[in-house]
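What follows is a set of notes on a single structure, which appears directly below.
The values are calculated or read from the model by the stated rules, or taken from the named source; none is laboratory data. The model shown is predicted, which means the values in this text are computed figures rather than measured ones. Here the Cβ positions follow ideal geometry from the backbone for every residue, glycine too, while neighbour counts run over all protein chains shown. Please note that ligands, DNA and RNA were not included when accessible areas were found on the heavy atoms of the full protein model with its side chains. Shrake-Rupley method; radii C 1.70, N 1.55, O 1.52, S 1.80 Å.
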Amino acid sequence: MTSGVLTWHSRFFVCCLFFSAEDHFLHACEGDENRELRFHLCHDLWDKIKTNTEALQDELNRNILDSLLDFTRKCSSTRRHSDWASQMRASEIPTAALVLGVNVPDHDMTFKSLSDLLQQSVTPHVASVQAKECGALKHLMKRVLERLMDTVVDDDDDEEEEEEAEQAGAPLNKAVHCSLGTLCAWYNAKTKKSNLGTPGKKRSSPASDDSQPPPVVIIFKDLEAFNPKVLQDFILICSRYVQRLPLMFIFGIATSPSTIQHMLPHSVSSLLCIELFQSLSCTQHLATVIDKLILTPQFPFKLNGKVMQVLISIFLYHDFSVRNFIKGIQLALLEHFHSQPLSVLCCKKEAALLNVMQLGHLDLERIRKLQSFKRYVEKQEAQEQVNLFTDDSHLKGVCQKLIKDLRKYHKNYYPILRCLHTLTSSLPRYPLGKQIRELHLICLEKNIWENEEYQSAMKLLKMMAKDQLIGLLQRCEEILRPVKSKKMNRALVQLEDLLAKFKQLDTVAAEPPPPSVEDRITSPVKDLQKKTDLFQLQKALLEMNESRRSKKLSPFEALRNEALEFIDSLVKSHLSPPESQALNEVCYYASSATVRRHLNAAPRTSIQAALSSPYYYLQNERLQTADGLVSNAAPDICIVYKLHLECGRLINLYDWLEAYATVVSAAEGDEPGSDSFGKVDDVRHARFIRAVSELEFLGFIKSTKQKTDHVARLSWGGC
Amino acid sequence: MSALVQHPGYDEERLQRVCGQLPCRDVQAGMLLSLMGQPHQYSFPSIFIYGHRSSGKSHVMHVLLKELELPHAMVSCVECLSVAVLFEQVLLSFFGCDAASLLPRSPSLSDFVRVYRQQRSQRPAEQTRYIVMEKAELLRDADANLLPALLRLQELVEDNVTVILLSEIVWDKFRPNTGCFEPLQLHFPDYSKAGVSQDKHPSHSAEFYSSYINILLGVFYSVCRDLRELRHLVRHTLTMKETDTHKLWRNIEPHLKKAMRTVYLREVSSLQWEQMQQMEEKDTGAVRGLSAHTHVELPYYSKFLLIAAYLASYNPARTDKRFFLKHHGKIRKTNFLKKNEKTSNHLLGPKPFPLDRLLAIFYSVVDSRVAPTASIFSQISSLVTLQLLTQVSHDDQLDAPKYKCAVSMDFICAISRTVNFEIVQYLYDFL
């Protein structure tokens, strides 16, 4: 059942994501006139996003890949050393255990860049194998040989192989079968050739200053899925050849390194010299991707809160796959440009301003219908309102202004969001979330300053110690500094002012503080120690609280309040949700239901929907009924399904058939009471049997041996 | 030692060299040589040598055949994916590639015998030819006629050939039930403690080195007799200089204990251990071993699926009502269960459960409403590929597949802690 769904699901996935974008737009239903323009905008934007993410992922993988490369170089170089220790180590096969996390869909990319890098800088001999193509030792061997030697190794062309070997001047002990001996001979021939200086395929590696042979690297992409027996035998064989053939393994591990010990007995794992490499966790990976891809004004296309929420929850709850997350963004992008005619304005500033001028009357009417625009209009004066609704050219001018405003909003939003995150991310209990994406989601939903958590975060900030606060403010300063926007520059100046004042405070505070403050705080504490009565204690504490609140603020506290008010004002002016901005529909994709439907398919729900309300899919007027009812004219399987819902766990087939016959006779217009009404004839019988077997195929029922002529209902059928 | 040197038919100088290369194995080597007889004499058709891992079986054979320059073929049975590889390697090393190419595709035993006889008639053996089969225990899984045929190959091909089988298993476990020719059996005992300390080191004096090995053996000999492992240990622990002999035993011991925990189990690779040794002077934190990394990050619902699978595997199905229904009534443990169910389920190991039950439990343990989407089902299959679940039923069975949970109690406890789920309260064994 599962695998059936899986293939179905993946096919669906492929359809909606790799559907040729151009075809998709050919069938565009909204706004035909600027279809091509939108397609090009979408295409360009996606290209940009794609190159950006690829660069980002390379960057993220660089560390681990670099250390892996180092490892391979080191391994191949220690082989030559003749000291005692390395000689003894020579019998071990160097192995890198690469722990990549459970997000298997992302691994492909890592392995691809790894093998590319290896081929570029260490060795031309790299082969990667997957578990599903290596069911038996023979297949594994064959794959490895094929990929390393770049030829088809098969028992079918023995002669050919031999000829090849003779040409290469292979030594006498040449085996024609697919065995490591063949590989060994091939490798010797290869290295000998390149040592002689004949131009071969082999690239000269930077490390090979002398005649050091390049290692042969075999990458096992998914170690867990390998058959342990196959792997053990393969390692045993390899270890026999390691003296002649500089082999090296890379294990891709999804769960934990202890799998190696589970899969390989000691006698086998002792043949390996395993070193562990841990890759970045996928949540960190996602955080970086969000940081660089979403929390930036660089791309005009944005996701609204609900869509973000859907994508993030798919990531956190279902697959941990960054690749799928980016695919989700791609889907949203495609859908946005496809379904929103006004997305022509979702591009770089200059282009957007130009596109505004080229909007047709129809598009301007669309703008007038936008929720955000209506809200904007309501705020204008009466004459202006009339102008906006009647004068197209005036509207264009206003639109240009609004587009500029929207851009400014984004320019200011992200730096302030980062500042707020810096301030709140270290607070106890994380009132506004640990990750910046949580804060971003809150801000997208509603006015953050009306949020209870925001208030409590502010309260906590008001209790912060001086050093900590200064440190955080300095980090905010660093965030604001590179931003090129007037408002942010002004904010930066103010922040610098505040920081300077804090520093001044230091010099002032060097003088002895007024002792009165000390006294007032310490004396009740002294009193406290004397008191033993609970009531008294409570009272004293309350008093203390009162006195603290009423007491005059120290200069630091005053300054702290000032700083926080400043931050608060920044938040209030810049972190309003995008819905409040006019024309936000141009940039924000809001249809979370579409994304959810496409990415998190629910086959069971759709099958049930089809069975219980066939009108939804068939669109035939006769099938339209009130909720919960099935028309008599519905397809047989729907009627049978509906009837089966009324039964218990075991269904009597004969009763079922009778009920079915009654319903069908009614549909065929038989008079109730007439002889033939509800009678089971051959045709009805056959139709019933077919419908039942279809239900069985869909997994709603199954045959049972508990009772004769009964079938059992399955609770998780149809999935 | 003198016994080894005097064998007629062999060059004395060479025997001397063999002797040097085979410390502590001179008795066995001598025995072998006398079995083999002089090169031109016919030898016993098949010899079966058994002994524990790294008791020098292959090494002795290798050194003998190589140094005495006897015609031989060394074949490891692991490598023989099919008998074809075996036949080819034998023919190749006796008669060269031309002979090997005479074999048809997927040759049978009789093809091999035919080709062998044909070749032999052209080049009859002047000396005994030896076929050494390493890891011979794998021959038991090969075709039924292979082992008996190899045992009397001498008769089959009418040539001066001897098959030597090397195995870690005694001959009794080999004997096919149809009966066969009994090979001559030879046992290689483990290297003795005294024998091991005769090892040589290039940069240390023999006296120092052997006393060092004695110390090391004091710690390790009780847990490990594998010579290769011991060498591995010696190599990694021998870091001091000879002048430091005054360093007391007490200084070495903690060092060795640590090695026992890490190097012996190959928790750290040899390279890492060397780095650790170098860093030790700076007193940096120890490198974490392989098994220290047991933490696995999983998506939220996968965690719950795994928890549900664990519960389904370790609770009897009849108890599900008690755990997952609100009004289950009173069910007492003693009366409720059949006699055989009273033993701890954790002792019996995980039981298979159908997909239906897994999902039913999943939906009652997960706290939010979850739509039964395709991703939930794909998570089940990805848990199977990660080997956290195992599919019990056959892949082809599409309706009601069965699974088993393959994770340990500790693992599932750690997982459920991250999602604030008190798994112990739901386990029947811990009621």
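Miscellaneous remarks
- Electrostatic dipole magnitude of the stretch B:72-191 [Cβ: Lys, Arg +1; Asp, Glu -1; Cα centre; debye, to 20]: 320
- Percentage relative contact order, the stretch A:610-703, counting C-alpha pairs under 8 Å, at least six apart: 23
- Flagged links, alpha-carbon separation over 29 Å, of A:LYS369/A:LYS486; A:LYS292/A:LYS348; A:LYS292/A:LYS503; A:LYS48/A:LYS486; A:LYS221/A:LYS434: A:LYS369/A:LYS486; A:LYS292/A:LYS503; A:LYS221/A:LYS434
- Chains B and A together bury roughly 6100 Å² of accessible area, counting both sides, with a 1.4 Å probe on protein heavy atoms only.
- Note on A:HIS262 and A:LYS348: the model spin-label points, each 7 Å out from Cα along the C-beta direction, lie 5.2 nm apart.
- The stretch A:603-713: proportion of alpha-carbon pairs further apart than 20 angstrom, %: 42
- Area of A:ASP291 that stays accessible when all protein chains are in place (1.4 Å probe, Å², to 10): 40
- Restriction of the GluC sites (Glu not before Pro) in the stretch A:569-655 to DSSP coil positions whose beta-carbon has at most 10 other beta-carbons within 10 angstrom yields A:GLU646.
- Around the Cα centre of the stretch A:603-713, unit charges on the Cβ atoms of Lys, Arg, Asp and Glu (plus for the first two, minus for the last two) sum to a dipole of about 660 debye.
- Inter-probe distance in nm under a simple model that places probes 7 Å from Cα toward Cβ, at A:LYS572 and B:ASP141: 7.6
- Looking at the stretch B:1-72, the chymotrypsin sites (Phe, Trp or Tyr not before Pro) that sit in a DSSP loop and have at most 16 other Cβ atoms within 10 Å of their own Cβ are B:TYR42.
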